[in-house]
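Every number here is computed from the coordinates shown, using simple stated rules; none is lab data. Source: prediction; values computed, not measured. Every residue, glycine among them, receives a Cβ derived from its backbone with ideal geometry; neighbour counts consider all protein chains shown.
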Amino acid sequence: MTVDTLFSWLGGLIPAMEGSGILLVISILVPCLALFLVVAVNAIVMVYAERKVAAFMQDRVGPMGQGVGLHAGKWGLLQTVADALKLLTKEDIIPEKADRFLFILAPFVIFIGAFVTIIAVPFGETTIVADFNIGIFYILAMGSFGVIGIILAGWSSNNKWSLYGGMRSAAQIVSYEIPAGLSIIVIIMLTGTLSMQGIIEYQAGGMGNWIIFANPFTFIAFFVYFISVVAETNRTPFDIPEAESELVGGFHTEYSGMRWSFFFLSEYANMLVVSAVAATGFLGGWHSPISGYFDSNGWGIFWMVSKIVFLIFIMMWFRWTFPRLRVDQLMNICWKVFLPVSLINIFGVGIWTLFFG
């Protein structure tokens, strides 16, 4: 069969598929598969990167491919792949007195919340699955979905440590969503749009036009947002819901094998999303730091991914720098520091725009 014959065959097949709904199914499955690959590859790369960052911070080598009995590829690149295969083949244990349905459902709820959020993330000028006119609102809404899965995991496990972890997570995530959301309002006030691409277009023209440098209040808002989303993603020093020293592992204590890995697959997906929102809202998105140079669509993907990777690296850096907070310290920072500062930022941006904008 020649190429022309193949194209002619496909051209005749597509109208037939339209009537049967197969084309609709394919048009849904292909983007879903692509997004799943993004999430899976992101997790594999980030786990390897975190091991190397941790090793660097602790002055050790991390995963390597040298030595007797070690077969993890050059520089240990296949170590995470080996771990994934191990988790796929491990026995899946469900506690006898657990709520079986909710126990099975919880990891998928968490994963779906992280998965559907990536739809609205712009990786380039034209590299986006869906450019919603309420994109940033959609991301905030879907990002909150995961806490339901964490509560379900804690409750359904019939384990007091898991329940404590789930309740801690509910309090933590709901609390820190408020200063994070108020910091996003600062962006919306300046740009006048909820579209992720619209927010990026507002910052065209180089680093001087990035929102983080628009005025002193937006500079503070960026740090309030970033620290708040570190808490939302349960990263150290805010990983209280899974505090091993107190809760034996927290909400995922009773999970094993691939179900257990879904929690961390979702965590790395959430890190990607919140870093993308920070890069989009404050750091110019896919725009080059220097106006007019390296600003094509291909370079745009490079700049966006570079900013996301840098912010994720900072999260990893936090893990090996700061000790875990107590629960009371965590809530005090949110309600007594970040919330008042976020409200002041909104008022300050309004005044600044009125007199200097």
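Values as computed for the structure displayed
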quantity	calculated
Formal net charge of residues neighbouring residue 54 (Cβ-Cβ distance under 10 Å; K, R +1; D, E -1)	+3
Region 90-356: radius of gyration over Cα atoms, expressed as a fraction of 2.2 N^0.38 Å	1.04
15 Å beta-carbon shell around residue 299, net charge (K/R +1, D/E -1)	-1
Simple label model, 7 Å out from Cα along Cβ direction - residue 133 to residue 167, nm	4.5
The chain, helix-only ellipticity at 222 nm - DSSP H runs n ≥ 4, -39,500 (n - 2.57), divided by all residues, nearest 500	-22000 deg cm²/dmol
Relative exposure of 331, 196, 315, judged by other C-beta atoms within 10 Å (fewest first)	331, 315, 196
Qualifying GluC sites (Glu not before Pro) in region 42-127, DSSP loop, other Cβ atoms within 10 Å at most 12	91, 96
Net charge dipole size for the chain [Lys, Arg +1 and Asp, Glu -1 on Cβ; Debye, nearest 20]	700
Protection-proxy order for peptides 139-145, 128-134, each taking the mean of Cβ atoms within 10 Å per residue, highest first	139-145, 128-134
For residue 256, net neighbour charge (Lys/Arg +1, Asp/Glu -1) across residues whose Cβ lies under 11 Å away	-1
